[in-house]
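The values are calculated or read from the model by the stated rules, or taken from the named source; none is laboratory data. Remember, it's a predicted structure, so these values are computed and weren't measured experimentally. Glycine gets a Cβ as well: all are built from the backbone with ideal geometry, and neighbour counts include every protein chain shown.
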Amino acid sequence: MTPGPNGWTTARVDTSGAKLPASLSQSVHSEPPGHSEPPGHSEPPGHSEPQDTCAPAVRAALVRVARDEGARVLATLVGLTGSLQLAQDAVQDATIRALETWPRDGIPDNPRAWLTVTARRRAVDILRREAQRAGKEIAAMDVNGPWDDAAPTAQAVDDDLLRLIFTCCHPALALETRVALSLRTVCGLSTAEVARAMLVPEATMLKRLTRAKQKIAQARIPYRIPAAHELPERVSAVAACIYLIFNEGYAATSGEDVLRAELVDEALRLGRLVHALMPDEPALSGLLALMLLQDSRRGARRDAAGDLVLLADQDRTLWRRDLVVEGVTLVGSALKRTPDRPDPYVVQAALAACHALAPSYRQTDWDAVVSWYDVLLTVHDTPVVRLNRAVAVGERDGAAAGLAEVEAVTGLDGYPLWHASRAELLWRLARPDEARAAWRGALTLESNEATRRFLQQKLDGGR
Amino acid sequence: MPQYIALTYTADVDWSAPEQAAEMVEYNAFGQAAAAVIRGGGALYPTATATTVRVNGGKGGDVVASDGPYAETKEALTGFYLFECADLDEAVGWAAKLPAAWSGAVEVRPLIQFGK
């Protein structure tokens, strides 16, 4: 278990850290604003506010570069400095420099290299300043040494990006913290945006992110790509984080809007990124396929009034065929690579593919659906999976069989969809009073406004 | 090199009692396997031997020593190790090999290294 060449323990800052305050980040630096925020407010004096003079084309180009390249620039800087906070500060400053100089000098040929070099110099400046403030000298070798201006190779940059992702998704961090860190660092959202996306106050999110960065630095969560034997666990920690981001967006647990599309897009971006970086990981192919297939229905999931439309009632011509094709192709290749033990994401993607390929709800291959749920239960046995399987049995074998299966699922008394599924089957069995009682049960438990409207319509209309 | 303390939380046992002999064999095996990273540690007598000390009113105030551990919990602090490891992954890897982690829990915390 030795750290990689860019592990925290071998990074240059650790050498200089001996002469600096225990952590640069916690004592001195405030949280910098995100790439997409107007720069300036956490800047040291002397910086102008460049956004007023910045040509829209330059700003647009910069925002695009920051979105596309920001994570890579940041990852390279964390690799060089060994500090997530210092790297964020330096990249933020480099972005501000770009806003100042690009309108005058033009957009550089290689914006990523420009940002990387500028951020690297800025990191050296920050280290020097902190050393001075602490009344200490920074050894020349700490700021020279490997810090030459040669652009890192594409492979080195991708490796750093993987290190960044694995660090942000380290199992020693809570899942919600992994989500927040990934959105902040890999997706480049500002703290305010992450807070809004995760439905917590900005101050809470700032505290959570700061604590996370402190834990990474103080407990030495390593900046490295896990060894082969650790990879399955670590990849699934990454996948869980991305899928949670997707689900937050796909079906918000509260609030007015069912689809917080921004988070869905961020999750897809992350899913594509990790799949591209680790194309041979079945879990990541499966995860991307699953998200693509679910998102292919985006345009059909809500009616004109913004209310939920069930899978059975969706207009399938609105499904994005390009996403379906991409997703189904990915499932196929992932199934071929799935080892002896089926991967839960691949199996869920196979289930989504069954629906995506069915010409209509009625013509769905329910036999295949039930079989995939049986496979899923062997690796991911939860009451919700059992409920979904029970509903599929209802479609295959009739409402009576389905109801028996649904009622056999225990542990979902507090889950609105269990009550709604029961209601639907009771209604089909011509037991309207019991159906209405079950819809009322679902309604009292549901907090999402759009889903509540949907349940209310069921209750009011009887169906 | 970073140091970590690994606090073992287990049933409130008396490690010196004969019935713990089998368990102690496991701990001794761990001690040998992890010798390269262990910088210290110890097994604690049961919480019944603990004394919790407070000074009421702050520095110079009345010393109040009370019988029992700081917190009464189902799993008690029963021992600790001091590890020197490259990073958290390595420390967690060793902690997972402690018998305490199999039946109870091991809390791994980094030490502040003052003056470094």
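If you scan the range A:378-400, which residues turn out to be without any contact (Cβ under 8 Å) to a residue 12 or more places away in the chain and crowded, with 18+ Cβ neighbours inside 10 Å? Reasoning before the result, please.
First pass over the range A:378-400, keeping only residues without any contact (Cβ under 8 Å) to a residue 12 or more places away in the chain: A:381-382, A:397-398.
Result: no residue meets the conditions.
Take the conditions crowded, with 19+ Cβ neighbours inside 10 Å and more than 21 Å from residue A:170 (Cα to Cα) and apply them to residue B:76. Does it pass? Walk me through it before giving the result.
On the way: crowded, with 19+ Cβ neighbours inside 10 Å: yes; more than 21 Å from residue A:170 (Cα to Cα): yes.
Considered against the rule, which asks whether it is crowded, with 19+ Cβ neighbours inside 10 Å and more than 21 Å from residue A:170 (Cα to Cα), residue B:76 comes out as yes.
Select from the range B:1-15 the residues that are within 13 Å of chain A (Cβ to nearest Cβ) and more than 12 Å from the chain's Cα centre (by Cα) and write down the one among them that is surrounded by the fewest Cβ atoms within 10 Å (Cβ to Cβ).
So the first thing to find is which residues in the range B:1-15 are within 13 Å of chain A (Cβ to nearest Cβ), and the list is B:1-6.
With the extra rule that they be more than 12 Å from the chain's Cα centre (by Cα), the set shrinks to B:1-3.
Values: B:1: 13, B:2: 21, B:3: 17.
Filtering the range B:1-15 for residues that are within 13 Å of chain A (Cβ to nearest Cβ) and more than 12 Å from the chain's Cα centre (by Cα), the one surrounded by the fewest Cβ atoms within 10 Å (Cβ to Cβ) comes out as B:1.
Condition first: within 28 Å of the chain's Cα centre (by Cα) and more than 22 Å from residue A:166 (Cβ to Cβ). Can you find one or more residues in the range A:100-110 that meet it? If you could, list the steps in order and put the result at the bottom.
Start the filter on the range A:100-110 by keeping residues that are within 28 Å of the chain's Cα centre (by Cα), which leaves A:110.
Adding the requirement that they be more than 22 Å from residue A:166 (Cβ to Cβ) leaves A:110.
Yes, the range A:100-110 contains at least one residue that is within 28 Å of the chain's Cα centre (by Cα) and more than 22 Å from residue A:166 (Cβ to Cβ).
For the range A:101-120, name all the residues that are of a type outside the set (Val, Ile, Thr) and in contact with a helix residue (DSSP H, G or I) (Cβ under 8 Å, 6 or more places away or on another chain).
So in the range A:101-120, the residues of a type outside the set (Val, Ile, Thr) come out as A:102-106, A:108-115, A:119-120.
A:102, A:103, A:108, A:111, A:112, A:114, A:115, A:119, A:120, listed by residue number.
Just wondering, is there one or more residues in the range A:232-253 that are outside the structural domain of residue A:159 (by TED's automatic domain parsing), surrounded by fewer than 18 Cβ atoms within 10 Å (Cβ to Cβ) and at pLDDT below 85?
yes
Name the single residue, out of those in the range A:204-220 being over 20 Å from residue A:248 (Cβ atoms) and part of a helix (DSSP H, G or I), that is farthest from the other protein chains (Cβ to nearest Cβ). Break it down stepwise before answering.
Step one: list which residues in the range A:204-220 are over 20 Å from residue A:248 (Cβ atoms), which gives A:210-211, A:213-220.
With part of a helix (DSSP H, G or I) added as a condition, the list becomes A:210-211, A:213-218.
On the way: A:210: 17, A:211: 14, A:213: 14, A:214: 10, A:215: 9, A:216: 9, A:217: 10, A:218: 5 Å.
Selected residue: A:210.
Looking at the structure I just gave you, is residue A:396 part of a helix (DSSP H, G or I) and in contact with a helix residue (DSSP H, G or I) (Cβ under 6 Å, 6 or more places away or on another chain)?
Values: part of a helix (DSSP H, G or I): yes; in contact with a helix residue (DSSP H, G or I) (Cβ under 6 Å, 6 or more places away or on another chain): yes.
Yes, satisfied.
Among the residues of the range A:201-214, is there at least one that is surrounded by 17 or more Cβ atoms within 10 Å (Cβ to Cβ) and of a type in the set (Gly, Ala, Ser)?
Yes, the range A:201-214 contains at least one residue that is surrounded by 17 or more Cβ atoms within 10 Å (Cβ to Cβ) and of a type in the set (Gly, Ala, Ser).
Looking only at residues in the range A:100-113 that are touching a residue at least 40 places away in the same chain (Cβ under 8 Å) and under 19 Å from residue A:72 (Cβ atoms), which one is surrounded by the fewest Cβ atoms within 10 Å (Cβ to Cβ)? Steps first, please.
Residues of the range A:100-113 that are touching a residue at least 40 places away in the same chain (Cβ under 8 Å), as a first pass: A:100, A:102-103, A:107, A:110-112.
From what's left, under 19 Å from residue A:72 (Cβ atoms): A:102, A:107, A:110-112.
Working: A:102: 22, A:107: 16, A:110: 12, A:111: 19, A:112: 18.
Among those that are touching a residue at least 40 places away in the same chain (Cβ under 8 Å) and under 19 Å from residue A:72 (Cβ atoms), it is A:110.
Of the residues A:348, A:363, only one is within 23 Å of residue A:297 (Cβ to Cβ) and out of contact with any helix residue (DSSP H, G or I) (no Cβ under 8 Å at 6 or more places or on another chain); which?
Values: A:348 fails: out of contact with any helix residue (DSSP H, G or I) (no Cβ under 8 Å at 6 or more places or on another chain).
Answer to the selection: A:363.
Of the residues A:347, A:375, A:370, which single one is in contact with a Lys or Arg (Cβ under 8 Å, 6 or more places away or on another chain), assigned to a helix (DSSP H, G or I) and farther than 13 Å from residue A:292 by Cα? So that I can check it myself, show each step before the final result.
On the way: A:347 fails: in contact with a Lys or Arg (Cβ under 8 Å, 6 or more places away or on another chain); A:375 fails: in contact with a Lys or Arg (Cβ under 8 Å, 6 or more places away or on another chain).
Going through A:347, A:375, A:370 in turn, the sole match is A:370.
For the range B:80-116, give me each residue that is under 20 Å from residue B:10 (Cβ atoms), within 9 Å of chain A (Cβ to nearest Cβ) and surrounded by fewer than 18 Cβ atoms within 10 Å (Cβ to Cβ).
B:93, B:109
The rows are residues; the columns are (1) at pLDDT 90 or above; (2) outside any helix (DSSP H, G or I); (3) over 22 Å from the mean Cα position of the chain (by Cα); (4) not assigned by TED's automatic domain parsing to the domain that holds residue A:152.
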{"site": "A:62", "(1), (2), (3), (4)": "no, no, yes, no"}
{"site": "A:65", "(1), (2), (3), (4)": "no, no, no, no"}
{"site": "A:68", "(1), (2), (3), (4)": "no, no, no, no"}
{"site": "A:74", "(1), (2), (3), (4)": "yes, no, no, no"}
{"site": "A:78", "(1), (2), (3), (4)": "yes, no, no, no"}
{"site": "A:88", "(1), (2), (3), (4)": "yes, no, no, no"}
{"site": "A:91", "(1), (2), (3), (4)": "yes, no, no, no"}
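Give the residues of the range B:47-61 that are exposed (fewer than 10 other Cβ atoms within 10 Å of the Cβ) and assigned to a loop (DSSP other than H, G, I, E, B), sorted by residue number.
Scanning the range B:47-61 gives B:57, B:58, B:59, B:60.
Quick check, is residue B:18 more than 14 Å from chain A (Cβ to nearest Cβ) and either modelled with pLDDT of 95 or more or surrounded by 11 or more Cβ atoms within 10 Å (Cβ to Cβ) (or both)? First the steps, then the outcome.
Working: more than 14 Å from chain A (Cβ to nearest Cβ): yes; either modelled with pLDDT of 95 or more or surrounded by 11 or more Cβ atoms within 10 Å (Cβ to Cβ) (or both): no.
When the stated conditions are applied, residue B:18 does not pass them.
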